[in-house]
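First the structure, in the form of structure tokens, and then the observations on it.
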Amino acid sequence: MPLFGQEHVRRYVETGGEVGHDWQGTKTLLLTTTGRRSGGPRTLPLIYGRSGDDYLVVASKGGADQPPAWYLNLEADPNVEVQVGDERFSATARSATAEEKPEMWRTMVAEWPDYDNYQRKTEREIPVVVLSRRAG
């Protein structure tokens with residue numbers, strides 16, 4: 001049974017990513033946003049790719065017409081925390097620009113081919129989110 005949701009987060013944190021980083025043929029990071037309503041931390045596992053020093057994630061919600069809550073959270077507050085394996089760091093999140101997105105989308109489809117199917121399911125433009133490490 002593959003890890004999912006909060007069980008995935010718990011095991012990832014407990015093991016420094018030894019359990020949970022490698023997932024169903026790809027890899028995941030933990031993204032912690034600040035809840036736009038609650039103000040509390042919200043952590044979830046997301047498939048990631050790389051673009052230079054930046055990490056990439058996709059706000060697909062499986063092709064739903066509404067964006068995932070975590071994306072709305074980072075639109076309200078782009079300051080996030082990221083854990084990749086046993087490394088934790090602060091980052092700033094932003095949506096890829098129109099110029100950046102095609103290459104970044106290809107990177108992410110190489111990680112999880114279903115992203116193309118998800119985009120076909122919705123009229124919503126599914127964003128690629130760029131996570132850039134903050135200095136300090």
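Once the Kirkwood radius over Cα pairs is known for the chain, the Stokes-Einstein relation at 4 °C and 1.567 mPa s delivers a diffusion coefficient of 86 µm²/s. Computed 3J(HN,Hα) for the stretch 95-110, one whole-Hz value per residue from the Karplus formula 6.51 cos²θ - 1.76 cosθ + 1.60 where θ = phi - 60°, is 6, 4, 6, 4, 6, 7, 4, x, 5, 5, 4, 4, 4, 6, 5, 5, glycine and proline marked x.
With point charges of +1 on the Cβ of Lys and Arg and -1 on the Cβ of Asp and Glu, referenced to the Cα centre of the stretch 12-136, which listed residue (ASN73, ILE47, VAL84) lies farthest in the positive direction of the dipole? Checked the options; the winner is ASN73. Springs join every pair of Cα atoms under 10 Å in this Gaussian network model of the chain, and among VAL19, VAL57, VAL80 the largest mean-square fluctuation is at VAL19.
Calculated [222 nm] ellipticity per residue, helices only, for the chain: -8000 deg cm²/dmol; basis is -39500 (n - 2.57) per DSSP H run with n ≥ 4, divided by all residues, nearest 500.
Charges were assigned to the Cβ only: +1 to each Lys and Arg, -1 to each Asp and Glu. The resulting dipole of the chain about its Cα centre is roughly 340 debye.
Stretching GLU100 away from GLU87 to a fully extended chain increases their span by 2.1 nm, per 0.36 nm per residue minus the current alpha-carbon distance. Treating each Cα of the stretch 58-135 as an identical point scatterer and ignoring solvent, apply the Debye formula and state log10 I(q)/I(0) at q = 0.11, 0.18 Å⁻¹. So the normalised log intensities are -0.30, -0.80. The GNM of the chain, with springs linking C-alpha atoms under 10 angstrom apart, assigns the highest mean-square fluctuation among ALA91, ALA110, ALA59 to ALA110.
The ratio of the alpha-carbon radius of gyration of the stretch 95-136 to the globular-protein estimate 2.2 N^0.38 Å is 1.30.
All of the numbers you see were taken from the coordinates with simple rules; none came from a lab. This one's a predicted model, so the numbers in the text were calculated from it and none came from an experiment. Positions of Cβ are backbone-derived with ideal geometry, glycine not excepted, and every protein chain shown enters the neighbour counts.
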